[in-house]
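Colleague: First the structure, then my questions, so here it is.
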Amino acid sequence: MGLVSSNKVDVNRYALEVSVSKEEFAQAVEAAFRKNAKNISIAGFRKGKAPRKIIEQFYGKGVFYEDAVNATYPQYYTEAVEEAGIIPVDRADIDVKEVSEEGYRFVATVTTKPEVEVGEYKGLKVEKQLRTASEEDVTGELTRMQERGGRLVNVEDRPAKNGDSVVIDFEGFVDGTAFEGGKAEMFTLKLGSGQFIPGFEEQVENHSVGEEFDVVVPFPEDYHAPDLAGKEATFKIKLHEIKETELPELDDEFAKDVSEFDTLGELKDDIQKKLQENYDRTAQNEMEDKLIDLVVGGMKAEIPQCMFEHRIDEMVANFDQRLQSQGMNLQLYMQYTGVESMESFRKTFTAQAERQVKIRLALEKIVELENITASDDDLTAELERLAAQYGMAADKLRELLPLEDVKQDIAVNKAVDLVRDSAVITETKA
């Protein structure tokens with residue numbers, strides 16, 4: 001195999017002309033014959049036993065050429081890419097120019113990783129906004145813990161109000177006709193949760209146990225069911241139960257019930273400490289994001305659209321995987337959330353995907369400029385971290401993961417460290 005030429009034919013597009021020798025092609029044709037001969041029947045021979053020359057006389061000299069080309073060009077293409085020193089970011093377009101017993105020739109046209117320029121990335125100026133965990137923050141977290149520990153108790157001496165949980169029967173009608181999915185019995189609804197159509201929950205308020213009444217609300221214009229969007233609906237309601245949340249007292253006993261601490265004061269101190277750690281971590285992450293945005297803002301590159309699309313592919317696949325782990329799939333999710341098409345769903349990832357691709361390209365350029373590498377110790381430490389995260393043995397991960405990719409990820413993280421450690425950071429109070 002030989003790379004005949006490598007020519008830039010457009011921005012981030014290269015055409016590689018590859019020639020496969022007579023000897024290499026002869027081996028490929030022989031392999032194609034051995035693979036296919038068992039399925040070929042020739043009069044006078046048992047199936048699969050006809051010699052190659054007889055088969056070629058019967059079907060033509062090039063009977064095995066197509067299989068031989070398809071079986072071998074991927075390897076020759078990969079070798080040509082390495083020889084040309086380019087980095088493909090998409091599938092190549094393969095055009096086989098000529099095939100004969102003398103060999104074959106093909107042209108692979110491929111989109112490549114863009115050339116990248118970065119501006120200043122050392123000594124960048126950035127603000128870091130600090131936040132202090134206040135007494136109000138601690139009280140708010142205590143209240144949420146208190147609500148999680150609350151219990152629902154039936155109420156019969158007053159009408160329903162915002163914050164109550166009610167048990168209702170309902171059936172919805174549009175133009176006097178019941179519509180699909182608009183009926184339920186003994187349904188529990190928390191008033192004020194926004195679970196139902198806007199205006200529905202407010203009209204349940206001020207009604208008492210045993211009452212039957214109507215709720216009239218319009219469906220939103222953008223409602224996911226087109227046959228109901230914008231139409232007025234009447235729901236027949238029967239109110240069975242009203243329940244309010246009874247909260248536990250905030251005292252030492254509460255602290256013992258919800259934590260490992262013996263007193264409410266100790267619990268408050270722990271909440272304050274954890275909130276502060278979270279605020280500090282958030283401030284650090286936001287500061288680093290600002291720095292990376294400055295780096296990306298100074299980058300120059302003509303990025304192929306396919307790189308954004310591939311990142312969106314990965315994000316959609318990851319999202320679907322998470323849904324499946326929760327017993328759902330992407331099709332059902334789109335149906336429940338009113339997403340009309342995969343195209344519109346993919347658009348929700350566009351901005352994030354574009355930012356991630358740009359960040360990666362900018363950081364990889366810094367890795368190149370600074371000659372940043374990942375040592376064997378760095379790789380071992382990262383594999384141990386991943387092993388702990390996924391509950392696997394580090395040696396097993398070493399066998400499964402593409403180690404060069406892991407090393408590149410480590411180097412990219414080091415580039416982030418370089419940008420951050422060299423930055424001029426001004427701390428301000430939020």
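The values are calculated or read from the model by the stated rules, or taken from the named source; none is laboratory data. Keep in mind that what you see is a predicted model, and the values were worked out from it rather than measured. Virtual Cβ from ideal backbone geometry, glycine too; neighbours counted across all protein chains shown. Note: accessible area is taken over every heavy atom of the protein model, side chains too, but ligands, DNA and RNA are not part of it. Shrake-Rupley method; radii C 1.70, N 1.55, O 1.52, S 1.80 Å.
Colleague: Hey, which lysines would be in cross-link range of LYS190, C-alpha to C-alpha under 21 Å, not counting anything within fewer than 8 residues on its own chain?
Modeller: The qualifying lysines are LYS161, LYS236, LYS238, LYS243.
Colleague: While we're here: Provide the packing ranking of 359-367, 220-228, 267-275, i.e. peptides ordered by the mean count of other C-beta atoms within 10 Å per residue, highest first.
Modeller: 359-367, 267-275, 220-228
Colleague: Treating cross-link reach as a plain straight distance, find the lysines whose alpha-carbon is under 21 Å from the alpha-carbon of LYS47, omitting any fewer than eight places away in the same chain.
Modeller: LYS35, LYS38, LYS61
Colleague: Which order, highest average first, do 152-163, 69-80 follow once you tally other Cβ atoms within 10 Å for each residue and take the mean per peptide?
Modeller: Result, highest mean Cβ count within 10 Å first: 69-80, 152-163.
Colleague: Leaving out ligands and nucleic acids, note down the accessible area per residue over region 16-94 with a 1.4 angstrom probe, in whole Å².
Modeller: Accessible area per residue: 63 Å².
Colleague: Between region 267-316 and region 164-213, what is the C-alpha centre distance in whole Å?
Modeller: 41
Colleague: Taking 19 Å as the cut-off for C-alpha to C-alpha distance, list the pairs among LYS125/LYS290; LYS231/LYS347; LYS113/LYS347; LYS365/LYS407; LYS122/LYS429; LYS22/LYS97 that go past it.
Modeller: Exceeds cut-off: LYS231/LYS347; LYS113/LYS347; LYS122/LYS429.
Colleague: For the chain, which whole percent of the accessible surface, found with a 1.4 angstrom probe, sits on carbon and sulfur atoms?
Modeller: 46
Colleague: Divide, for the chain, the radius of gyration over alpha carbons by 2.2 N^0.38 Å, where N is the residue count.
Modeller: Relative to the rule-of-thumb radius for its length, the chain sits at 1.50.
Colleague: In terms of Cα to Cα distance under 14 Å, which aspartates and glutamates are near enough to LYS396, apart from those fewer than 8 places away along the same chain?
Modeller: In chain and number order, the partners are GLU382, GLU384.
Colleague: Quick one: accessible area per residue over region 194-344, 1.4 Å probe, rounded to a whole number of Å²?
Modeller: That works out to 61 Å² per residue.
Colleague: Averaging sequence separations of C-alpha pairs under 8 Å and six or more residues apart, then dividing by the length of the chain, give the relative contact order as a whole percent.
Modeller: Dividing the mean separation by the residue count of the chain yields 18 percent.
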